[in-house]
1. Where residues in region 169-181 are surrounded by fewer than 17 Cβ atoms within 10 Å (Cβ to Cβ) and either touching a Gly at 6+ places or on another chain (Cβ under 8 Å) or charged (D, E, K, R) (or both), which of them is modelled with the highest pLDDT?
2. Quick one: in region 182-203, of everything that is at pLDDT 90 or above and farther than 25 Å from residue 255 by Cα, which residue is surrounded by the most Cβ atoms within 10 Å (Cβ to Cβ)?
3. If we keep just the residues of region 30-52 that are assigned to a helix (DSSP H, G or I) and at pLDDT below 95, which is nearest to residue 243 (Cα to Cα)?
4. Given (1) assigned to a loop (DSSP other than H, G, I, E, B); (2) farther than 21 Å from residue 91 by Cβ; (3) of a type outside the set (Val, Ile, Thr); (4) modelled with pLDDT of 90 or more, identify the lone condition not met by residue 217.
5. Report yes if residue 224 is surrounded by 15 or more Cβ atoms within 10 Å (Cβ to Cβ), among the basic types (Lys, Arg) and free of Cβ contacts under 8 Å to residues at least 60 places away in the same chain, otherwise no.
6. Among the residues of region 61-115, which ones are surrounded by fewer than 21 Cβ atoms within 10 Å (Cβ to Cβ), closer than 16 Å to residue 26 by Cβ and hydrophobic (A, V, I, L, M, F, W, C)?
7. Quick one: would you say residue 270 is in contact (Cβ under 8 Å) with a residue 24 or more places away in the chain and either more than 23 Å from residue 67 (Cβ to Cβ) or of a type in the set (S, T, N, Q) (or both)?
Amino acid sequence: MSMPVERPIHCLSFDVEEHFQVSAFWSDARRQEWDRYESRVERNTRLLAELLAKHGMKATFFILGWVAERHPELVKSLAAQGHEVASHGYGHELVTTQSPARFRQDVRVAKKILEDLTGNPVVGYRAPSFSITSETAWALSILVEEGYVYDSSIYDRFRRTESEKRLACGFEIATPAGKIWEVPPSTIEMLGLQIPVAGGGYFRLFPYAASKNFLRRLERQGAKLVMYLHPWEFDPEQPRMDGSWLSQFRHYLNLHKTEERLIALLEDFQFGAIAQVMRPLWLLEHEKRASEALECRS
């Protein structure tokens, strides 16, 4: 009698932000109007938590500090359900538009808000629109100094394939302040380029059969998938924002199909929170540093 094959556990994450906060529709004037727009993030995020509960899976929720301040019970509920609460910064400003001092304040404030709500160390960070790049690599040192253990912001979309293969879901980066784990969203090598298949607009653009095929290919190669989505992607009735035709196309494409595709994804693959999947790889002193930072503020 053959033993059942245990399915590998991959990483699933959600960037928790309002539909009107996305970078594609950003303007300084619109930023001043955020509190006047209809909030839909709590309803959409609770829908995701319900879907995960039905499938017995956990995920990482990268939550904006701005959202957490206005929906504290949502943050507490996610933590109580066993999901990982991580930081998406405070105000959804691109790292490329911030000074180091402003970035430090942004990630410090967001971390404190989330930790005060959950009582748990926040060890993960994801930059808005994956805006930690070679030009903003200084941000990684600041994350180490502020007590973060891993970053999930470096998304090498459409870049040429390196000779070094990184099929595991994370790798360490040395910074002047110490080491930090990087957990990039998944890409697949095609025609010498890294093609994004990890979620978001790409998950809505490709037919699900194609996405599943790409992900299975990565899985067979021994990769840990790192998927990401947004609560607003499950809300086809959201108010429409003014913007360029490209921004509108990317944002509103196939919103009515995202829920059914996520359900199929949860049935075809096994997922957990990033911290859950990555923990065996982390150095113990990294987690110890995050806990000590929380204790010092208590």
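1. Per the criteria, the residue is 179.
2. Within region 182-203, the match that is surrounded by the most Cβ atoms within 10 Å (Cβ to Cβ) is 183.
3. First pass over region 30-52, keeping only residues assigned to a helix (DSSP H, G or I): 30-31, 34-36, 41-52.
The next check asks that each one be at pLDDT below 95; those that pass are 30-31, 34-36.
On the way: 30: 11, 31: 14, 34: 16, 35: 19, 36: 18 Å.
Checking each candidate, the answer is 30.
4. (1)
5. Details: surrounded by 15 or more Cβ atoms within 10 Å (Cβ to Cβ): yes; among the basic types (Lys, Arg): yes; free of Cβ contacts under 8 Å to residues at least 60 places away in the same chain: no.
Spelling it out, it is not the case that residue 224 is surrounded by 15 or more Cβ atoms within 10 Å (Cβ to Cβ), among the basic types (Lys, Arg) and free of Cβ contacts under 8 Å to residues at least 60 places away in the same chain.
6. 94
7. Details: in contact (Cβ under 8 Å) with a residue 24 or more places away in the chain: yes; either more than 23 Å from residue 67 (Cβ to Cβ) or of a type in the set (S, T, N, Q) (or both): yes.
Spelling it out, residue 270 is indeed in contact (Cβ under 8 Å) with a residue 24 or more places away in the chain and either more than 23 Å from residue 67 (Cβ to Cβ) or of a type in the set (S, T, N, Q) (or both).
The rows are residues; the columns are (1) in contact with a His (Cβ under 9 Å, 6 or more places away or on another chain); (2) at negative phi.
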residue	(1), (2)
181	yes, yes
192	no, no
197	no, yes
200	yes, no
203	no, yes
207	no, yes
211	no, yes
217	no, yes
221	no, yes
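The values are calculated or read from the model by the stated rules, or taken from the named source; none is laboratory data. Remember, it's a predicted structure, so these values are computed and weren't measured experimentally. Every residue, glycine as well, gets a Cβ built from its backbone with ideal geometry; the counts of neighbours run over all protein chains shown.
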